[in-house]
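Since the structure comes first, as structure tokens, the remarks are kept for the end.
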Amino acid sequence: MNRIPQLRVKTKSLAAEAKIIKHDEKKYFRRGTANAISFGASLYKHRTGIVRRAARIALLAFALLRGVAYLRVEQKTSVAPDLEKVRKMADHFGPCYTYDGTVNARKAVYAAEADAWVFAAKAHLESQGFVFEEPKKAAS
């Protein structure tokens, strides 16, 4: 079963979370007390750190599942995305698994498409100067 609609809901909820945090952040900064400003600053860090990264990963996973090339989603970036997390999220919401956890027949096709998407994304990022290390293999 395709769970892309659930991923779409996740991206929308992350966007709504960022808006809510920004509203509360401004409220605390307006109070002007040291504790309120400190709490506002922690909300700002949460919004620009954790929530923003999670939203970016969700949007890239959505692009992977829809077959949109990474180059069309992010033409230029100053921070490389965590492609491993993108792939993991796409695997979780992708068409390969049913609700009861069994694997369907599309798994091999999806895996090849996802590998090609990640390879193209790495190639595009390397053309911008990012360096990716090969995963270390366990010593035998």
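Is there a residue in the stretch 81-91 that is among the acidic types (Asp, Glu) and modelled with pLDDT under 90?
There is at least one residue in the stretch 81-91 that is among the acidic types (Asp, Glu) and modelled with pLDDT under 90.
Across the stretch 95-140, what is the total count of residues that are surrounded by 14 or more Cβ atoms within 10 Å (Cβ to Cβ) and modelled with pLDDT under 65?
Total meeting the criteria: 1.
For every residue, the table says whether it meets (1) touching a residue at least 12 places away in the same chain (Cβ under 8 Å); (2) assigned to a helix (DSSP H, G or I); (3) acidic (Asp, Glu).
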| residue | (1), (2), (3) |
| --- | --- |
| Thr11 | yes, yes, no |
| Leu14 | yes, yes, no |
| Lys19 | no, yes, no |
| Glu25 | yes, yes, yes |
| Phe29 | no, yes, no |
| Gly40 | yes, yes, no |
| Tyr44 | yes, yes, no |
| Arg56 | yes, yes, no |
| Leu59 | yes, yes, no |
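Just the residues that are over 20 Å from Val86 (Cα atoms) and among the hydrophobic types (A, V, I, L, M, F, W, C), please, taken from the stretch 1-54.
Of everything in the stretch 1-54, those that are over 20 Å from Val86 (Cα atoms) and among the hydrophobic types (A, V, I, L, M, F, W, C) turn out to be Ala16, Ile20, Ile21, Phe29, Ala34, Ala36, Ile37, Phe39, Ala41, Leu43.
Quick one: Arg56 ticks every box in (1) crowded, with 17+ Cβ neighbours inside 10 Å; (2) at pLDDT below 95; (3) of a type in the set (Lys, Arg); (4) over 14 Å from Val118 (Cα atoms) bar one, so which box is it?
Answer for Arg56: the failing condition is (2).
Taking interchain pairs and intrachain pairs at least six residues apart, which have beta carbon atoms under 7 angstrom, with the first residue in the stretch 106-118 and at negative phi and the second not in a helix (DSSP H, G or I)?
Filtered contacts from the stretch 106-118: Arg106/Pro95; Arg106/Cys96; Lys107/Cys96; Tyr110/Gly94; Tyr110/Pro95; Tyr110/Cys96.
Tell me whether the stretch 38-47 contains one or more residues that are more than 28 Å from Ile20 (Cα to Cα), modelled with pLDDT of 90 or more and of a type in the set (D, E, K, R). Write out each step before concluding.
Taking the stretch 38-47 first, the residues more than 28 Å from Ile20 (Cα to Cα) are none.
So far as the stretch 38-47 goes, no, none of its residues is more than 28 Å from Ile20 (Cα to Cα), modelled with pLDDT of 90 or more and of a type in the set (D, E, K, R).
Can you give me the number of residues within the stretch 61-73 that are more than 18 Å from Lys88 (Cβ to Cβ) and free of Cβ contacts under 8 Å to residues at least 24 places away in the same chain? Don't jump to the end; show me each part of the working.
Within the stretch 61-73, the subset more than 18 Å from Lys88 (Cβ to Cβ) is 67-69, 71-72.
Pick out the ones that are also free of Cβ contacts under 8 Å to residues at least 24 places away in the same chain and you get 68, 72.
So the count comes out to 2.
The values are calculated or read from the model by the stated rules, or taken from the named source; none is laboratory data. Computed from a predicted structure; not experimentally measured. Glycine gets a Cβ as well: all are built from the backbone with ideal geometry, and neighbour counts include every protein chain shown.
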